[in-house]
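The values are calculated or read from the model by the stated rules, or taken from the named source; none is laboratory data. Because the structure is a prediction, the values reported are computed rather than measured. Here the Cβ positions follow ideal geometry from the backbone for every residue, glycine too, while neighbour counts run over all protein chains shown.
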Amino acid sequence: MKQHITPTRTERLMQKDDFIVSKTDTRGRIRYCNRIFMEISGYTEQELLGRQHNIVRHPDMPRSVFDLLWRTLREGQEFFGYIKNLAKDGSYYWTFANVSPSLDSDARLIGYYSVRRAPERAAIEQIAPVYARMIEAEREAGAKAAISASRAILNDFLDQRAASYEHYVLAV
Ligand SMILES: Cc1cc2nc3c(=O)[nH]c(=O)nc-3n(C[C@H](O)[C@H](O)[C@H](O)COP(=O)(O)O)c2cc1C
């Protein structure tokens, strides 16, 4: 069960040389986490192992970003994106995340692997207001239409820049 945490306005900053690494099984349960992950999220290894990765999900993150993440992974592709995470004490930390499928030597899926590094501030300043508009659209649209309403906002934003989400996040 996911514990309820009240988000605060306190931000934790990743250092320039920090890498947050985690590995999950095919269902998104954490199988490995590095020291930086534990330090910044405030969880112990024991608290993280075996848990769904949504343990650090922040309510400011649009559902459609995770929809895009899982679609990309299911297609066998790697995902790049800006993700705001929630620490155990309610503070938040922004990351630039790369998530990719892990395959065995027979090219069978054995899980997922992710590495996050410190995002550029300028990128967060651009993407945070877009995510806020997407969340608003998800709320207004209701559960069933949430993903498509939110995706439409993201697509508008990307269309203005003639880019896919991946191209945008890699270029910004
Ligand atoms: C390897 C891997 C890493 C992930 N990293 C994060 C992460 O840092 N933060 C996050 O909120 N979700 C992450 N996710 C996505 C979560 O599994 C989940 O889809 C997301 O938190 C949305 O949760 P919800 O469907 O319960 O709303 C990751 C998934 C995988 C497979």
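Remarks
- If you filter region 59-99 down to residues that are over 9 Å from the mean Cα position of the chain (by Cα) and basic (Lys, Arg), you find that the one that is farthest from the ligand (Cβ to nearest atom) is LYS88.
- In region 45-69, the residues that are hydrophobic (A, V, I, L, M, F, W, C) and either at pLDDT below 95 or closer than 16 Å to GLU138 by Cβ (or both): MET61, VAL65, PHE66, LEU68, LEU69
- Residue pairs meeting the criteria (Cβ under 9 Å; at least 6 apart or on separate chains; first exposed (fewer than 14 other Cβ atoms within 10 Å of the Cβ), in region 2-26; second in a strand (DSSP E or B) and at pLDDT below 95): none
- Whichever residue in region 74-89 is over 18 Å from MET14 (Cα atoms) and in contact with a Leu (Cβ under 9 Å, 6 or more places away or on another chain) and, among such residues, is surrounded by the most Cβ atoms within 10 Å (Cβ to Cβ): PHE79
- Here the condition is being surrounded by fewer than 19 Cβ atoms within 10 Å (Cβ to Cβ), touching a Cys at 6+ places or on another chain (Cβ under 9 Å) and within 26 Å of LYS23 (Cα to Cα); of LEU103, LEU109, LEU49, it holds for LEU49 alone.
- Condition met for VAL56 (within 17 Å of GLN3 (Cβ to Cβ), within 10 Å of the chain's Cα centre (by Cα), crowded, with 19+ Cβ neighbours inside 10 Å and of a type outside the set (D, E, K, R)): yes
- Among the residues of region 1-41, those that are in a loop (DSSP other than H, G, I, E, B), within 14 Å of the ligand (Cβ to nearest atom) and closer than 12 Å to LYS88 by Cα comprise LYS2, GLN3, HIS4, ILE5, PRO7, ARG12.
- LEU103 more than 10 Å from the ligand (Cβ to nearest atom) and touching a residue at least 60 places away in the same chain (Cβ under 8 Å): no
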